[in-house]
Amino acid sequence: MKAWLRLAAAMDRVSRFFGWVAAWLVLVSCLISAGNAASRYLFSLSSNAWLEIQWQMFAGIFLLGAAWVLKVNEHVRVDLFYGSASPRRKLWIDVFGLVFFLFPTTLVVGWFAWPFFLASFRSGEMSSNAGGLPVWQVKFLLPFGLALLFLQGVAELGKRIAGLMGIGDGAAEYERPLQ
């Protein structure tokens, strides 16, 4: 169990790094959006590449940040049972959710995402828009982001099991949304 928790701590650091990358992508995307709008209205200059890079960055924000969001327990959840549950019951709910929802979903979607990316990569797929960008790089983010999310799920499962065994608290802080 201690080895699993050391691996979980390492995965937490990986997720923190990619969460940091995702946070910076938000800023860069906003700057590109503002710069594109300014150049379009002030100088009548624009390019489809500026528009496409924004949606590609959005994919990066979402897919690279998802593992960090899981790590800090800020993902969307249905708070029907969780908010009023005891700490031990929350651990069990998390274990159930990880095993029966997160892992199967990331594995199935990842299974289909990998050939989707490979076909794009092998063909050197480019956007069909004039002045568009290559798209295979952003398609790589789908299996990569899912792999990060799966591995963070494994880390979280280890923490929850350790908590159930009485090794550490294992529970991630969760702040119930204001209603």
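Quick notes on this structure:
- Helical segments meeting 20 Å axial Cα length and Kyte-Doolittle 0.0 threshold in the chain (DSSP H): 2-43, 48-71, 103-123, 136-164
- Value at 222 nm in deg cm²/dmol, rounded to 500, when DSSP H runs of n ≥ 4 in the chain each add -39,500 (n - 2.57): -25000 deg cm²/dmol
- Total charge dipole magnitude, region 1-111, about the Cα centre, Cβ charges on Lys, Arg, Asp, Glu only, Debye to nearest 20: 460
- Dimensionless Rg/Rh of the chain - Kirkwood Rh, Rg from C-alpha atoms: 1.07
- Per residue value of the accessible surface for region 2-93 (all protein chains in place, 1.4 Å probe), Å²: 65
- When the chain is treated as a Gaussian network with alpha carbon springs shorter than 10 Å, the biggest mean-square fluctuation among A113, A34, A59 belongs to A34.
- For the chain, the fraction of 1.4 Å probe accessible surface lying on carbon and sulfur atoms is 72 percent.
- Under a Gaussian network description of the chain, with springs only between Cα atoms under 10 Å, the residue in G19, G153, G35 that fluctuates furthest is G35.
- Across S46, S120, S15, mean-square fluctuation computed from a Gaussian network of the chain (C-alpha pairs under 10 Å connected) peaks at S46.
- Normalised by the number of residues in the chain, the mean separation of alpha-carbon contacts (under 8 Å, six or more apart) gives a relative contact order of 33 percent.
The values are calculated or read from the model by the stated rules, or taken from the named source; none is laboratory data. Since the model is a prediction, treat every value here as computed from it, not as a measurement. With ideal geometry, Cβ positions are generated from the backbone for all residues, glycine too; neighbour counts draw on all protein chains shown. Accessible surface areas use protein heavy atoms only, side chains included; no ligands, DNA or RNA. Shrake-Rupley method; radii C 1.70, N 1.55, O 1.52, S 1.80 Å.
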